[in-house]
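Taking it in order: structure first as structure tokens, then the write-up.
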């Protein structure tokens with residue numbers, strides 16, 4: 001796993017998909033923290049309260065293809081059930097890009113920027 005992927009990442013931009021492109025300001029509260037021990041915490045503002053919604057669990061990285069894309073798998077509990085979420089990602093220029101699946105055109109590319 002690239003050591004530079006370890007740290008806290010904040011959502012910066014969504015491009016493409018069915019919703020128009022969206023740019024997010026610094027300090028927007030939508031973050032993912034990837035820790036060296038394989039654990040993660042993601043946070044985003046709640047739509048119904050003043051508290052952030054958090055999700056935590058473990059993650060794994062695997063090489064996806066020859067273009068240096070990776071598969072990032074998150075494992076976490078939701079309503080007492082184990083959930084595994086797999087995302088295609090690319091790490092470049094201090095950005096973490098969540099890539100849309102090739103079979104679908106209405107999912108945006110999502111950009112996170114490392115904040116620490």
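The values are calculated or read from the model by the stated rules, or taken from the named source; none is laboratory data. All values derive from a computational prediction rather than experimental measurement. Here the Cβ is made from the backbone with ideal geometry for all residues, glycine too, and neighbour counts use every protein chain on show.
Residues of segment 20-50 being out of contact with any helix residue (DSSP H, G or I) (no Cβ under 7 Å at 6 or more places or on another chain), part of a strand (DSSP E or B) and surrounded by 12 or more Cβ atoms within 10 Å (Cβ to Cβ), which ones?
First, the residues of segment 20-50 that are out of contact with any helix residue (DSSP H, G or I) (no Cβ under 7 Å at 6 or more places or on another chain): 20-33, 35-50.
Filter once more, so that each one left must be part of a strand (DSSP E or B): 22-23, 31-33, 39-45.
Residues satisfying the conditions are 22, 31, 32, 33, 39, 40, 41, 42, 43, 44, 45.
One residue is enough: does segment 76-96 have a residue meeting the conditions closer than 15 Å to residue 8 by Cα, assigned to a strand (DSSP E or B) and touching a strand residue (DSSP E or B) at 6+ places or on another chain (Cβ under 6 Å)? Yes; the residues of segment 76-96 include at least one that is closer than 15 Å to residue 8 by Cα, assigned to a strand (DSSP E or B) and touching a strand residue (DSSP E or B) at 6+ places or on another chain (Cβ under 6 Å). What do you reckon, is residue 17 surrounded by 16 or more Cβ atoms within 10 Å (Cβ to Cβ) and not in a strand (DSSP E or B)? So residue 17 fits the description; yes.
Does residue 107 satisfy the condition of being part of a loop (DSSP other than H, G, I, E, B), at negative phi, surrounded by 14 or more Cβ atoms within 10 Å (Cβ to Cβ) and modelled with pLDDT under 90? Yes, satisfied. When we screen 57, 29, 16 for residues that are over 16 Å from residue 99 (Cα atoms) and modelled with pLDDT under 95, the only hit is 29.
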